[in-house]
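Chemist: Take this structure, written in structure tokens, and hold onto it; I'll ask about it next.
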Amino acid sequence: MENNYILGVVVGKIRLEFCLLFGDKVLQQGEVMNETSEIRLAFGLLIKDFHISNDQLIICAEHSGQYNYPLIYTCESGLYKLWLENPGRMKYYCSGLQPAKNYKLNCKQIAVYASRNSDKIAMCQPPDSEVEHLKQAYNEWIMLEADSAKLKFQLFEMKNYMSEDVFNVNAKRLVDLIKGLEAAIAAVENEIKCIFVLNSHVARQMDLLTSIEAISWDVALKMIVETDAFTRFENSRQFCSHAGIAPVHKDLKTNQRLQPNGIATKDKSIKFLLNQAALSIMKKDDSELKNYFYRKVNEGKDEKVVINAIRVKLVARMFAVIKNNQRYQPVFQEELQYHHQ
């Protein structure tokens with residue numbers, strides 16, 4: 001990395017903050033609107049002013065979801081090397097890196113991180129168009145579902161707090177809105193199903209994931225979307241850290257709780273869906289994981305700790321079936337776990 005220029009970038013909804021580093025020297029810091037045309041212009045000026053070739057420039061930023069799209073498309077069209085790093089790993093290394101704090105300092109820390117961790121570099125690959133389509137459709141589906149639920153709750157609540165005449169007028173408007181949302185939800189659901197019909201890759205992943213006990217279509221869909229079809233995370237441990245379910249250990253010397261190598265995601269729906277999957281196991285008549293739950297509880301483990309352990313096991317199994325491209329087989333899995341113990 002000695003001959004490379006490192007551009008650390010903090011991606012925000014409205015703008016990007018960047019810091020250009022060569023060795024230990026900061027060459028330039030600035031900000032630009034988070035729009036493809038503006039980013040392309042800013043990067044072009046940096047290359048021109050400092051006489052940098054495309055092979056010498058490495059751009060490093062946190063993986064922050066859809067806000068990365070203008071940066072990704074700029075780098076793809078300009079043939080720039082882009083490294084999107086896991087925010088949990090970045091924060092673990094840059095202990096002072098905090099969201100919505102000092103952007104100017106943060107982009108410098110990202111540049112320093114990239115410069116000193118060249119062995120971890122992983123260039124961003126162009127996003128799969130069908131996976132991106134699936135992600136956008138899924139996000140729209142979740143938004144419409146949430147809006148519909150709010151209106152239905154409002155319709156249920158207001159009946160007791162107004163006269164019947166006023167309620168009937170308001171209710172008609174709400175019912176019309178709910179019907180429109182339900183029609184839109186049905187259209188998006190159909191769009192999602194069409195993506196699975198046309199894309200054999202994500203269809204195969206769905207088949208593999210739903211072969212696992214307690215993994216429903218909804219959970220599998222969320223996992224495919226959240227992991228970018230299992231390309232965003234190297235292993236299940238990274239995803240557990242991202243989802244906020246990684247076990248917390250204690251330092252034997254200080255007896256202090258040690259946070260896992262990563263940070264909990266702000267999207268609590270991942271944790272919620274995994275929790276629902278773990279709890280659904282308790283309703284089954286006979287289940288390997290249900291037996292595991294009662295065995296651990298009888299050993300004195302806290303129920304919440306055991307439920308979290310089941311969530312971790314489910315994530316590990318999902319990553320395993322995708323990696324092995326093989327439907328889940330309980331007997332094989334038990335033998336494999338015993339073999340590694």
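Every number here is computed from the coordinates shown, using simple stated rules; none is lab data. The shown structure was predicted, so the numbers you read here are calculated from the model rather than taken from an experiment. With ideal geometry, Cβ positions are generated from the backbone for all residues, glycine too; neighbour counts draw on all protein chains shown.
Chemist: Longest exposed-loop-site-free stretch of the chain, with trypsin sites (Lys or Arg not before Pro), DSSP loop and at most 15 other Cβ within 10 Å?
Modeler: Here the longest segment lacking exposed loop sites spans 14-100.
Chemist: Additional query: Need the C-alpha centroid separation for segment 8-77 versus segment 304-325, integer Å.
Modeler: 37
Chemist: Using square roots of five times the C-alpha gyration tensor eigenvalues, list the equivalent-ellipsoid semi-axes of segment 24-80 in whole Å, biggest first.
Modeler: 19, 13, 12
Chemist: Per residue, how much space in cubic angstrom lies within the convex hull of the C-alpha atoms of segment 129-198?
Modeler: Spread over its residues, the Cα hull of segment 129-198 gives 61 Å³ apiece.
Chemist: Among the complete DSSP H segments of the chain, which ones combine at least 24 Å of alpha-carbon extent along their axis with a mean Kyte-Doolittle hydropathy of -0.5 or more?
Modeler: Helices meeting the criterion: 129-158, 164-198, 303-324.
Chemist: Quick check on the chain: helices-only [θ] at 222 nm, where DSSP H runs of length 4 and up contribute -39,500 (n - 2.57) each and the sum goes over total residues. Nearest 500, please.
Modeler: Calculated at 222 nm, the ellipticity per residue is -18500 deg cm²/dmol.
Chemist: So, one more: For the chain, modelled as a GNM with alpha-carbon contacts under 10 angstrom, which of VAL312, VAL112, VAL197 fluctuates the most?
Modeler: VAL197
Chemist: For the chain, the longest stretch holding no chymotrypsin sites (Phe, Trp or Tyr not before Pro) located in a DSSP loop with at most 16 other Cβ atoms within 10 Å is which?
Modeler: On the way: sites that count: PHE50, TYR161.
My reading of the result: 162-341 is the longest stretch.
Chemist: On full extension of the chain, what length is gained from GLN28 through HIS201, given 0.36 nm per residue of separation minus the C-alpha to C-alpha distance?
Modeler: Gain in length upon complete extension: 58.0 nm.
Chemist: Further question: Separation between the TYR73 and VAL175 pseudo-spin-labels, each 7 Å from Cα along Cα→Cβ, expressed in nm?
Modeler: 4.3
Chemist: Compute the normalised compactness of segment 288-328: alpha-carbon radius of gyration over 2.2 N^0.38 Å, N being the residue count.
Modeler: 1.35
Chemist: Modelling each spin label as a point 7 Å along the Cα-to-Cβ direction, I'd like the ASN298/GLU38 distance in nm, to one decimal.
Modeler: It is 6.3 nm.
Chemist: I've got another one for you. Hey, rough spin-label estimate for HIS51 and SER216, points 7 angstrom out along Cα→Cβ, what's it come to in nanometres?
Modeler: 6.3
Chemist: Specify the residue with the greatest mean-square fluctuation among ALA203, ALA278, ALA220, computed from a Gaussian network of the chain linking alpha-carbon atoms under 10 Å apart.
Modeler: Of the options given, ALA203 has the highest mean-square fluctuation.
Chemist: Can you tell me how segment 92-226 classifies by the Cα gyration tensor, rounded, prolate or oblate, using a/c under 1.5 as the rounded cut?
Modeler: Taking the square roots of the gyration eigenvalues as a ≥ b ≥ c, segment 92-226 is oblate.
Chemist: What residue among ALA277, ALA149, ALA122 shows peak mean-square fluctuation when the chain is described by a Gaussian network model with Cα springs under 10 Å?
Modeler: ALA149
Chemist: Could you pull out every one of the aspartates and glutamates with an alpha carbon less than 16 Å from that of LYS48, ignoring same-chain neighbours closer than 8 positions?
Modeler: Filter leaves GLU38.
Chemist: Over the Cα atoms of segment 5-120, what Rg and Dmax result, in angstrom?
Modeler: 12.7, 34
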